[in-house]
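Written below as structure tokens is the structure these notes are about.
The values are calculated or read from the model by the stated rules, or taken from the named source; none is laboratory data. Quick caveat, the model's predicted, so the values are computed rather than measured. Cβ sites come from the backbone with ideal geometry, for glycine too, and all protein chains shown count toward neighbours. Only protein heavy atoms, including side chains, enter the accessible area calculation; ligands, DNA and RNA are left aside. Shrake-Rupley method; radii C 1.70, N 1.55, O 1.52, S 1.80 Å.
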Amino acid sequence: MQGFISPFSPEMLAQIQSGFERYDSLQKKDGFIKLASLGWYVNGDMTLAHSAWLMDMAIEGRTDVINKDLITHYCEEIKDRAKFLEKDKSKRSPIIKEGINCHFDGRYYASVTLFLSQADGLSRGLLFKTRNKKRELKELVAERSENKFFGDILDAILKVNTIDEYFSEDTNGPYNLNRHAVLHGYDINFGTELNSLKAFSLLLFVNDFLNT
């Protein structure tokens, strides 16, 4: 547009460009996929800088740092979403609200189960990826991937990660949340705050990026 004056200084534009380049570089190193392999997913309210930092930490294998940061982040997110759900009239709202209330009460076995089941429902039951379901999930992702930015984020859900792979005794444990094991009753040791927030992060990921 002729006569348009950018509100950003050249220095600020350079910083923004540098931020996007760093983000893209980390994504190409499978940053989101490595983060998902730890059971964590980003959500729609997370900043580009925060997402890039998390990818960086995941690539470096800084699991403890990631856990500490995302426990804080999702503790705030769960409070904000609880307020939003008070006004939401969707049929899933009462179920998710109950999951949040269970989390607040420290009833993590209940909250993990409710969060994972609703994430499954929102993604049309495609999180556990048999061959046919994986193809359907790719089609669903393609519907939502209107630009490369979201396509890169959604690529993480197409990979087999601990949270959605077929249950194995080798992957069971308090730090390896496995959706199949929880929802089919194989894992009986999943009731922790950490797992509840990981399950909530998956629910928000599906809601914010896959849900219509």
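A few points about this structure:
- Checklist (1) outside any helix (DSSP H, G or I); (2) touching a residue at least 40 places away in the same chain (Cβ under 8 Å); (3) over 13 Å from the mean Cα position of the chain (by Cα) applied to CYS75, failing item: (1)
- Qualifying positions in the stretch 92-111 - assigned to a helix (DSSP H, G or I) and among the acidic types (Asp, Glu): GLU98
- Against the conditions (1) closer than 24 Å to GLU77 by Cβ; (2) open to solvent by 50 Å² or more (accessible area, probe 1.4 Å); (3) modelled with pLDDT under 90, GLY44 satisfies every one except (2).
- Reported count of residues in the stretch 175-196, each being more than 24 Å from LYS79 (Cα to Cα) and open to solvent by 20 Å² or more (accessible area, probe 1.4 Å), is 7.
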